[in-house]
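Right, one structure below, let's go through it.
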Amino acid sequence: MMLLFLKLILAHLIGDFAWQPKKWEEDQKVKKQKSPYLYWHILIHALALLIALQFDLKYWIGVVAIVLSHFLVDLIRLNLTGKINSSWLFFWKQVAHLLVIAGVVTIYEPHVLDFDAIYQPKILLLITAVLLLTVVSSRVMKVLITKWEVEENSTNNALEDAGKYIGILERLFIFVFIVTHNWQAIGFLLAAKSVFRFGDLSKTKDRKLTEYILIGTLLSFGFAIAVSLGYEYFVKQLPQ
């Protein structure tokens, strides 16, 4: 099952990314179903599938299903371009393609999904840690530093919710560094953040802003380290 899945994924990556020039994508956005490059793209995708499957005729129904669904999904995306956020369209398109591939793999090599595996203590503990490092920590930190909140001079030029997502990413990175026993990498992460923030702080020369950013950074790092150490501790308590 895994081998077939990998072959189909490889064909998808080649057809949808490696063998599709930017010029083709731009022409499709403008002309949509009238673009000849749309059909060239589908043809190349079919060829990538056949090569990946070594022209094995027993998979011909799966190939046809993937190619036709790929055409329909791409056509829907092209007609929704400009009406819906392009980032969402890109990800939903990829999800749709992956679901079709998973369906084809299941038809040829049936596999029963074991949902009980999700309820294993280690998996539940990991999910809990990720939630603590993302949505929970963001809410807690916002409550803790609200009374010190200050306005940055560059607010109008800032990306919406960028600080929130930067904090989430840095906590996830710290979690990975700790559970993989790469503590030294945390120092590089802190140094990198300091370098990028130095320009803003040197321009504003605002002591309140400096203290606010420092409090937020230390809280974020402290929260991530505490959750990571807690995760490692509880993992060790689980029966082997």
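The values are calculated or read from the model by the stated rules, or taken from the named source; none is laboratory data. Remember, predicted model here, so these are calculated numbers, not experimental data. Neighbour counts run over all protein chains shown; Cβ positions are idealised from the backbone, glycine included.
Taking first residues from segment 45-71 that are outside any helix (DSSP H, G or I) and partners that are of a type outside the set (Ser, Thr, Tyr), the Cβ contacts under 9 Å between residues at least 6 apart in sequence or on separate chains come to Leu53/Leu4; Leu53/Lys7; Leu53/Leu8; Leu53/Ala11; Leu53/Gly62; Leu53/Val63; Gln54/Lys7; Asp56/Leu50. The set of residues in segment 126-149 being out of contact with any helix residue (DSSP H, G or I) (no Cβ under 6 Å at 6 or more places or on another chain) and at pLDDT 80 or above consists of Leu126, Ile127, Thr128, Val130, Leu131, Val135, Val136, Arg139, Val140, Lys142, Val143, Leu144. Within segment 3-33, the set of residues being without any contact (Cβ under 8 Å) to a residue 12 or more places away in the chain and more than 11 Å from Leu78 (Cα to Cα) comprises Leu3, Leu6, Leu13, Phe17, Ala18, Pro21, Lys22. Quick check: is even one residue across segment 69-81 under 25 Å from Glu109 (Cβ atoms) and either hydroxyl-bearing (Ser, Thr, Tyr) or crowded, with 19+ Cβ neighbours inside 10 Å (or both)? The answer is yes; a qualifying residue exists. When restricted to residues that are surrounded by 15 or more Cβ atoms within 10 Å (Cβ to Cβ) and over 27 Å from the mean Cα position of the chain (by Cα), segment 30-39 contains 3. Looking only at segment 172-185, decide whether some residue is part of a helix (DSSP H, G or I) and either at pLDDT below 85 or more than 27 Å from Gln120 (Cα to Cα) (or both). Within segment 172-185, one or more residues are part of a helix (DSSP H, G or I) and either at pLDDT below 85 or more than 27 Å from Gln120 (Cα to Cα) (or both). With respect to Ile123, is the statement that it is hydrophobic (A, V, I, L, M, F, W, C), more than 19 Å from Ala226 (Cβ to Cβ) and modelled with pLDDT of 80 or more true? So Ile123 fits the description; yes.
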